[in-house]
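Taken together, the values in this text are just the output of simple stated rules run on the coordinates, not laboratory data. Remember, predicted model here, so these are calculated numbers, not experimental data. Counting neighbours? That spans all protein chains shown, and the Cβs are built from the backbone with ideal geometry, glycine included.
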Amino acid sequence: MPRESRDERARRAARIAQVLAKTYPDVRTALRFANPFELLIATILSAQCTDKKVNEVTAVLFRRFGTPAKLAAADPAAVEEIIRPTGFYRQKAKSIQSASRDLVESFGGEVPRTLEELVKLRGVARKTASVVLGNAFGIPAIAVDTHMLRVNRRLGLTAHEEPDLVERDLAEILPPREWIAWTNRIIHHGRVCCVARAPRCPECPLLPLCPEGVRRT
Ligand code: SF4
């Protein structure tokens with residue numbers, strides 16, 4: 001495929017968005033949550049862990065410590081014990097308790113609604129903040145995880161490896177109204193079709209729009 005201009009890439013991205021919408025009309029984050037606080041904590045726990053496992057753990061965690069104040073004040077050993085199945089549990093326990101403390105001390109126990117404020121919470125990276133903004137508040141945000149990185153690169157929509165730069169490239173070619181759906185659908189597509197080791201290009205609905213797929217088939 002010849003080198004595209006930004007406008008050409010934007011037009012191709014719009015066609016990809018249409019195909020994704022048709023293929024995965026109802027895709028949302030697979031993390032279960034009842035409010036922004038729960039999604040924030042679940043997203044921190046989801047690092048290096050499946051969403052299914054996180055959902056099992058948070059069902060127990062939120063029954064015992066279901067508010068920022070309760071989680072902040074909890075015995076760290078009790079929190080570690082509950083979240084242990086998600087892996088890296090010592091660091092994650094610190095992160096979710098520190099973030100909860102910051103929510104209580106700086107935001108009146110409410111999850112803030114801006115990226116700038118969210119990333120000020122200890123343990124909250126830009127990707128986590130974007131997941132919360134998009135899925136809990138419906139505020140346009142692009143969250144770049146490992147699937148977003150791999151699939152958008154294969155689609156030729158970015159050449160970067162750095163999540164912040166991938167986010168910037170996508171923000172230049174996608175209108176904000178597409179950001180949340182794009183993130184959720186690409187992540188899903190990366191799990192079910194454009195998998196890391198052996199992408200299923202011959203059966204992929206994006207094949208005609210994908211330079212990597214064309215190369216591979
Ligand atoms: S055609 Fe292949 S590389 Fe491209 S998005 Fe589909 S599965 Fe991934």
What angle do you read, to the nearest 10 degrees and between 0 and 90, between the alpha-carbon axis of helix 179-192 and the longest principal axis of the chain? 80
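Tally Lys/Arg at +1 and Asp/Glu at -1 over every other residue whose Cβ is under 11 Å from the Cβ of Pro208; what's the total? Numbers along the way, then the final one.
Values: positive: Arg12, Arg15; negative: none.
Around Pro208, the surrounding residues sum to +2.
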Pairing the Cα long axis of helix 36-45 with the longest principal axis of the chain, what angle in degrees results, from 0 to 90 and rounded to the nearest 10? 80
J(HN,Hα) series, segment 73-82, from Karplus relation 6.51 cos²θ - 1.76 cosθ + 1.60, nearest Hz, glycine and proline x: 8, 5, 5, x, 5, 5, 5, 4, 4, 5
I need the shape label for segment 36-137. Rule: rounded when a/c is under 1.5, else prolate if a/b > b/c, else oblate, with a, b, c from the alpha carbon gyration tensor. oblate
Which lysines does Lys70 reach when only Cα atoms under 27 Å apart count, and residues fewer than 8 places away in its own chain are ignored? Lys52, Lys53, Lys92, Lys94, Lys120, Lys127
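Using only alpha-carbon positions, what ratio does the radius of gyration of segment 153-209 give when scaled by 2.2 N^0.38 Å?
Numbers: Rg = 11.9 Å, N = 57, 2.2 N^0.38 = 10.2 Å.
My calculation over the Cα atoms of segment 153-209 gives 1.16.
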Equivalent ellipsoid, the chain (semi-axes from 5 times Cα gyration tensor eigenvalues, Å): 34, 18, 14
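Once R0 is set to 41 Å, what does the formula 1/(1 + (r/R0)^6) return for the Cβ-Cβ distance between Ala77 and Arg28, expressed as a FRET efficiency to the nearest 0.05? Mind showing how you got there, number by number?
Values: r = 34 Å, r/R0 = 0.82.
Efficiency, rounded to the nearest 0.05: 0.75.
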Angle between the chain longest axis and helix 51-64 axis [Cα atoms, degrees, rounded to 10]: 20
